[in-house]
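Scroll down for the structure; my scribbles are underneath it.
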Amino acid sequence: MFTLIIEDKNGALVGEYTFEDGEFIVGRSQQADIQLPADNVSRRHARIFTEDGRCYIQDLNAANGVWVNGRRIHASTELPRSAQVRIGDFFLHIEGAAFARPMTSPIYARLVPMPGSIGELTDMTQSPIMVGRGKDCAVVLQDVSVSRIHAKLTQDDSGRVIAEDLRSSNGTYVNDRRISAQELQHGDRIRFGTVAFSFQIEGMPEPDLSEVAQPQAQRRTQGHAGGQAYAQRAHQAFAPMEHPPEQSYPPEQRTLLPQIAAIAVIVVAFVALVVLAGFAYDRFVAPKLDGKKPETEAAKAGAAKEARASDDDDHKAGERAAKRPSKGDQEPPTPDPKAVAKVQYEELIGQGRDAMQKQQWSEAKGYYERAKRLDVLASVPQEALNKIALEEAAGGAIAQAEEAFKRKDVRAAIRLHKQVPANSVYGVDALKSLQSLADLTELERQRSCHGRPRDAVKCLADCELVLSTGRAGTVTVDECAKFAHQGAKDDKGDKGGGNRR
């Protein structure tokens, strides 16, 4: 007989289950056998099952993992007596189990973070393994250089591990060379965007992380006998390879310095060409244009004088005055292209700023994109575009929350309002809406929890809903904890310790 006790992060009792055998799915979904309503709980988070009189728990590739007695598990693990299991913001206590041991230990490789990297040590126990910024990935890397679904690591039937880039924005690199798909070897340095790991095969000697960044050809000459044998077997199995052997790439070609130097040379040459063109125009072209104008105007004035020789002197003087060009009629000087571009850039920045103040995101985005094309090195347009993208997402979440509220889907409206960042212009509106939803759900909770007769099931559901807003008062939290504890005792008494799923 096993007893499962569930508490929230405040220590309040959420539920109590007694069982002898069977299988239970724990998650946020309403179809889960044990429902834990929280954003940091996956829809299908974990599986609790019994086998041969023992109780085990398995992580179902949840984004935030399953933790047993403070350690994250990666394989099906037997639960010890009085074990504490953490799933999201909830703590599960198991009574009745004997001891803890993993059912299996299928660790075939590891991703060891490089010094200074934000990554965490990851044991590879399944295949394939998705890497990215998204919560559904097995290896979650919260870095702006990592795409939502960045790469995939797959172990084939022969035990080889293949790294495959999934069209990420910043690419996947093996030993500083960008790849689309490539077999990994023991000690390889694999980088997702800017987050770097050392790939280590289980059972092989641990490499020196200071040498991982060196080119693979150099590492082979320094005596990694196990890695060399593994690389030779992989080369024979995969010949011909998709990419040329790494020995054909000198070490200096594996850095970004040549590309940066080439870009710098192109920029300097372009600036020099513009300056030279401006100097040539001012020195040679402009004086010739200015020298031709007086001759043409004098010829026209002489022709007009001869044509009107029969007129009186006053009339001829008036005609000559009328034909003589004034200062206002002269052609204006040719503007400097750099000055024109700078003026246009400042105008676009000002127009974009005004549009953002009016929350006209689409127009503001157009202004800043044009300004960015005028000055690709300026940081102001890109920062504004990032802010616009955040505000558009926040505005979309607000609109979807309003639609959900119209459909009377209060749970979805709460979730969407909580997605709005606090630094958004919509942040205050989202907090006000959450408070309104908390007040509304609190009224429903009082009706169901204090009515006569009291609807215990609806009372607990309304408690869960008002607590999910994060705006519930202390009295509400205490009352909901008391009702949950009382409901669990009533269920246990009614069923007499029978199975509950």
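Is there any pair linking a residue in the stretch 30-58 that is within 21 Å of residue 460 (Cβ to Cβ) to one that is outside any loop (DSSP other than H, G, I, E, B) and among the charged types (D, E, K, R), with Cβ under 6 Å and at least six apart or on different chains, and which? Once the first residue is within 21 Å of residue 460 (Cβ to Cβ) and sits in the stretch 30-58, its partners that are outside any loop (DSSP other than H, G, I, E, B) and among the charged types (D, E, K, R) give 37/464. Please work out if residue 62 is hydrophobic (A, V, I, L, M, F, W, C) and under 25 Å from residue 464 (Cα atoms). Considered against the rule, which asks whether it is hydrophobic (A, V, I, L, M, F, W, C) and under 25 Å from residue 464 (Cα atoms), residue 62 comes out as yes. Taking the listed residues 112, 26, 41, the one that is closer than 30 Å to residue 195 by Cα, at pLDDT 85 or above and not in a loop (DSSP other than H, G, I, E, B) is 112, with no other qualifying. The lone criterion from (1) without any contact (Cβ under 8 Å) to a residue 12 or more places away in the chain; (2) open to solvent by 60 Å² or more (accessible area, probe 1.4 Å) left unmet by residue 400 is number (1).
Scanning the stretch 50-97 for residues that are outside any loop (DSSP other than H, G, I, E, B) and among the acidic types (Asp, Glu), we see that the one that is modelled with the lowest pLDDT is 95. Total residues in the stretch 13-70 satisfying the condition of being in contact with a Cys (Cβ under 8 Å, 6 or more places away or on another chain) and surrounded by fewer than 21 Cβ atoms within 10 Å (Cβ to Cβ): the figure is 2.
Taking the conditions exactly as written (loosely packed, with under 14 Cβ neighbours inside 10 Å and in a helix (DSSP H, G or I)), does residue 432 satisfy them or not? Spelling it out, residue 432 is indeed loosely packed, with under 14 Cβ neighbours inside 10 Å and in a helix (DSSP H, G or I). Kindly provide the set of residues from the stretch 331-387 that are of a type in the set (Gly, Ala, Ser), within 24 Å of the chain's Cα centre (by Cα) and assigned to a helix (DSSP H, G or I), ordered by number. Scanning the stretch 331-387 gives 362, 364, 366, 384.
When residue 454 is tested against (1) in a loop (DSSP other than H, G, I, E, B); (2) over 22 Å from residue 15 (Cβ atoms), only condition (2) is not met. Listed here are the strands (runs of 3 or more DSSP E) enclosed by the stretch 117-210 that have at least 3 residues being modelled with pLDDT of 90 or more and open to solvent by less than 50 Å² (accessible area, probe 1.4 Å): 161-165, 172-174, 181-183, 189-192, 195-201. Against the conditions (1) in contact (Cβ under 8 Å) with a residue 60 or more places away in the chain; (2) touching a helix residue (DSSP H, G or I) at 6+ places or on another chain (Cβ under 9 Å); (3) in a loop (DSSP other than H, G, I, E, B), residue 18 satisfies every one except (3). Inclusion of residue 390 among residues that are modelled with pLDDT under 85 and out of contact with any Phe, Trp or Tyr (no Cβ under 9 Å at 6 or more places or on another chain) is not warranted. Conditions first: (1) under 23 Å from the mean Cα position of the chain (by Cα); (2) assigned to a helix (DSSP H, G or I); (3) of a type outside the set (A, V, I, L, M). Residue 423 passes all but one, so which condition is the exception? Only one criterion in (1) under 23 Å from the mean Cα position of the chain (by Cα); (2) assigned to a helix (DSSP H, G or I); (3) of a type outside the set (A, V, I, L, M) is unmet by residue 423, namely (2). The set of residues from the stretch 380-392 being without any contact (Cβ under 8 Å) to a residue 24 or more places away in the chain and open to solvent by 70 Å² or more (accessible area, probe 1.4 Å) comprises 383, 386.
Residues of the stretch 340-368 that are at pLDDT 85 or above and open to solvent by less than 70 Å² (accessible area, probe 1.4 Å): 345, 348, 349, 350, 352, 355, 356, 361, 364, 366, 367, 368.
The values are calculated or read from the model by the stated rules, or taken from the named source; none is laboratory data. In this text the structure is predicted, and so the values were computed from the model without any measurement. Positions of Cβ are generated from backbone atoms using ideal geometry, with glycine treated the same way; all protein chains shown enter the neighbour counts. Ligands, DNA and RNA are excluded from the accessible area calculation, which covers all protein heavy atoms including side chains. Shrake-Rupley method; radii C 1.70, N 1.55, O 1.52, S 1.80 Å.
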